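Below you'll find the structure, written out as structure tokens, and then a few comments.
Each value in this text was obtained by applying a stated rule to the coordinates, not by laboratory testing. For clarity, every value in this text was computed on a predicted model and none was experimentally measured. Cβ atoms come from the backbone with ideal geometry, glycine included; neighbour counts cover every protein chain shown.
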Amino acid sequence: MQIARVLSLLLDYPHDGLLAAQADIDAIIADSPLSAERKQALAAFVQRRFAGQLMDWQSEYDGLFERGRSLSLLLFEHVHGESRDRGQAMVNLMNQYKEAGLEIGVRELPDYIPLYLEFLSTQGEENLRLGLEEVAHILALLAARLEQRDSDYAAVMHALLELSGVSVDLGDVREQIANEKRDDTKEELDKVWEEEMVKFGPDSQSDGCSSGVNKPSETQRKDQYVPINWADITDAAQTEAQRGN
């Protein structure tokens, strides 16, 4: 589904090529199955972001998603944290990509949300919905935290939630995170640097993962989706609350 691909691009690091595709992005949003409210919010996001300076956008992106863990775009960060289960989950997801014929080529981990969305966008509408349904609790958590920071990126998370078809009580999620301690301060970031980086797989020094080198063939595109076991929103919130204490 094209709208999933667009949302993947909007959540990825902004670059010149993205700006050049604004007309196509606007058209895909307008033709998407999203509600009028979601289309309007996404269109406003695109207009605002694309009208500004790219370097300012990149700087804000880094500040949101690259500082601290609470807004990490790595799915398993919100499920497994630094536990050993994270490594096996990475391997399982990578195998799922390979079974669907997706060869990873850029430096990203397999649970990077834009990469996961790119994969789902090739798997047919029903598999896209199922894939988003499994991570809806994480998307809701990110949406609420982005709202808390007055970031318009919340519009992208809300669009993904709508595509998932899952009804999430965002009021409950907002209440859960109301008293969360910010993890993007200098003091909290210093604590993170003191921790050992998580590695997985036999070659932890490899270039990581990526999207976009080889795409699935037509025979591989659909019905290849195998559900991944994800925690629910309560588990995710509790895990991060425990890490913050």
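Quick rundown of the values:
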| item | result |
| --- | --- |
| 3J(HN,Hα) from dihedral phi, region 136-149, Karplus parametrisation 6.51/-1.76/1.60, rounded to Hz, x for glycine, proline | 4, 5, 6, 4, 5, 4, 5, 4, 5, 5, 5, 4, 4, 9 |
| Net length gained if the chain between Gln53 and Glu125 were fully extended (0.36 nm per residue, minus Cα distance) | 22.5 nm |
| Estimated D of region 1-111 in µm² per second, where Rh is the Kirkwood radius over Cα pairs and Stokes-Einstein applies at 20 °C, 1.002 mPa s | 133 µm²/s |
| Counted charge near Arg49, where neighbours are those whose Cβ lies closer than 13 Å (Asp, Glu -1; Lys, Arg +1) | -4 |
| Least to most buried among Arg129, Arg145 (fewest other Cβ within 10 Å first) | Arg129, Arg145 |
